[in-house]
Structures are given as C-alpha cells and as structure tokens.
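*Asks:* My questions will all concern the structure given below.
Since every read-out is calculated from the coordinates, none of them should be taken as a lab result. Because the structure is a prediction, the values reported are computed rather than measured. Glycine gets a Cβ as well: all are built from the backbone with ideal geometry, and neighbour counts include every protein chain shown.
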C-alpha cells in the first residue's frame, strides 16, 4: 500500500473545521486535491482557514453550520447538492469539550452530580446528537450515489471512563455505538462508516491554554496533523471495502498492515 493519496474529484465536508483536528484534516484533504467544505458555527474563523488555501489554488469553501440545528444542516446539504450534486465523504468532527461544563476539569475534576442539566444536554446535543443529525441529513445524497464514506471522530476508551469526564466521555462512547450501528445500516447501500481518533491527548482548543504547560510536564501532546494520513486513506478509494473499523491515528501504519495482510 502506498502512503500517497490522490483525492482529486473527491467532494468532502468536514464539520468543526475552523480549528484543531477538524482544521488539520480539512487542510490535509484539500492539499491532497479534494474539494472541501469547511463548516463551523462562526464565519470569521472559517474564512481564516480557507483564505490561505484558496490563495494556494486549492478548491475550498466555507459554510456556517450548527450541528445542533436541523435547519442549519439542511441549508448546507441543499447547497452541497446544488453545487456538486453529490457528496463523497462526510467527516463528523464538530464537538465541544469538558471546559464548557467545568473549566478546571483537568486540575479539579467534578463528579457527575455537580454537572448542570443544561451543560449535560448542550454537550450531548453537540457531540452525539450532532453526529446523528448531520449523518441523517447527508445520507440521502450518499444513498442516491450508491457510494460514500462517513468518518466519525472519537477519542481513547480510557477517556470515556475517566473521573470527572461526564458528559464528554458518554458523548464519545455514544458516538462509537452510533458509528457501529450506522455501518451496519448503511452496508447494503455501499456506504462505509468508520471511527478515527488521535490516540492520545491532542493540542486543540479543548484544552484550556492555562493548563497546557502543566500537562506538557507530564506527557507529550499530539499535534492535530497526526490525523492527516489516516483521514486521507479513509477518504480515498483505497478504503472502499473498509467499514465498521476503529482506527487510532498513532497506530495507523500497524493497523493498515494488519488489515490488508489478514
């Protein structure tokens, strides 16, 4: 297997693409030749991402989309259908972290009974219900083409069970269950669904700036670009027969060797 992926003619949408993992993946896909729609809740952040790429000659677009809002999602789905008449790859990445519930979650983790109902609902609606709503809205387009790929971003199983990580842990655990069921539901339509995660703590906006130095004393934070190779693989024709897999970016080479040598 080659590590070079030509994504020319691929039409891809990435949610939560204005920063962190989403931005890194969207940039990598665009530079591999794909046409990429960056989506996020704020227009200014998106334009800062797409403008440099557009100047380099890549085919990128920005669309404001709130993954919790069905009308917002449908508006972007309509735009994609009018613009491209198809979507090849959907990447569900948009999410919010523990800092929205407890800003001091790293140094002062709180038990679940101190989490507000509002904070719990808001995070679940973004991280779990958002994956469901976006996938539901774009699946008709994928089914019509009788081919397509959905990539759902997740995190380590250890974090799903970590003290003080409600509701973030359950949101990602639910996302993995959703992904596996989606993979089976969409198998008859030649649409693949896979899970991709970094494989460790990653330097993204979900870690408060004031705690990064402290964290770095205990572990090396991964850079968001750790996702580049596996996401390009999953978006490429090389992964056409891959579905229902959970791929850890730090272990990607080993996973690929094992998968294709079985």
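*Asks:* For helix 43-55, what angle does its Cα long axis make with the longest principal axis of the chain, in degrees from 0 to 90 and rounded to 10?
*Replies:* For helix 43-55, the angle is close to 50 degrees.
*Asks:* Give the relative contact order (percent, whole number) for the chain; include only Cα pairs under 8 Å separated by 6+ residues. Before the final figure, lay out each step's value.
*Replies:* Values: 461 pairs, mean separation 51.2, N = 262.
Across the chain, relative contact order equals 20 percent.
*Asks:* What do you get for Rg/Rh over segment 21-140 if you use C-alpha atoms and the Kirkwood form of Rh? Working shown, then result.
*Replies:* Working: Rg = 16.4 Å, Rh = 15.9 Å.
Computed over Cα atoms, the ratio is 1.04.
*Asks:* Between segment 14-34 and segment 104-176, how far is it from one alpha carbon centroid to the other, in angstrom?
*Replies:* Cα centroid of segment 14-34 versus Cα centroid of segment 104-176: 19 Å apart.
*Asks:* Grab the alpha carbons of the chain, take their convex hull, and tell me the volume per residue in Å³. Present the calculation step by step, with values, prior to reporting the outcome.
*Replies:* On the way: hull volume 33.7 nm³, N = 262.
About 129 Å³ per residue, rounded to a whole number.
*Asks:* Compute the acute angle (0 to 90°) between the alpha-carbon long axis of helix 168-186 and the principal axis of greatest extent of the alpha-carbon atoms of the chain; round to the nearest 10°.
*Replies:* Compared with the principal axis, the helix lies near 20 degrees.
*Asks:* Further question on the same structure: Which length gain, in nm to one decimal place, applies between residue 117 and residue 157 when the Cα-Cα distance is subtracted from 0.36 nm times their residue separation?
*Replies:* 12.0 nm
*Asks:* Between residue 185 and residue 241, what is the label-to-label distance in nm when each label sits 7 Å out along the Cα-to-Cβ direction?
*Replies:* My value for the distance between the label points is 2.7 nm.
*Asks:* A follow-up question, please. Expressed as an acute angle from 0 to 90° and rounded to the nearest 10, what is the orientation of the C-alpha long axis of helix 252-261 relative to the principal long axis of the chain?
*Replies:* It works out to around 50 degrees.
*Asks:* Extension gain residue 54-residue 259, at 0.36 nm per residue separation less the Cα-Cα distance, in nm? All intermediate terms of the calculation are to be shown ahead of the outcome.
*Replies:* Working: separation 205, 0.36 × 205 = 73.80 nm, distance 3.59 nm.
Answer, rounded to one decimal: 70.2 nm.
*Asks:* Please give the residues of segment 88-130, grouped as numeric ranges, whose backbone N is less than 20 Å from a label point set 7 Å along the Cα-to-Cβ vector of residue 144.
*Replies:* Within reach of a label on residue 144: 88-91.
*Asks:* Can you give the helix-only mean residue ellipticity at 222 nm for the chain, where every DSSP H stretch with n ≥ 4 adds -39500 (n - 2.57) and the sum goes over all residues, rounded to the nearest 500 deg cm²/dmol?
*Replies:* Details: 10 runs with 113 residues, N = 262.
For the chain, the value works out to -13000 deg cm²/dmol.
*Asks:* Would you mind computing, in nm to one decimal, how far apart the modelled labels at residue 69 and residue 9 are, each placed 7 Å from Cα along Cα→Cβ?
*Replies:* With each label point 7 Å from Cα toward Cβ, the separation is 3.7 nm.
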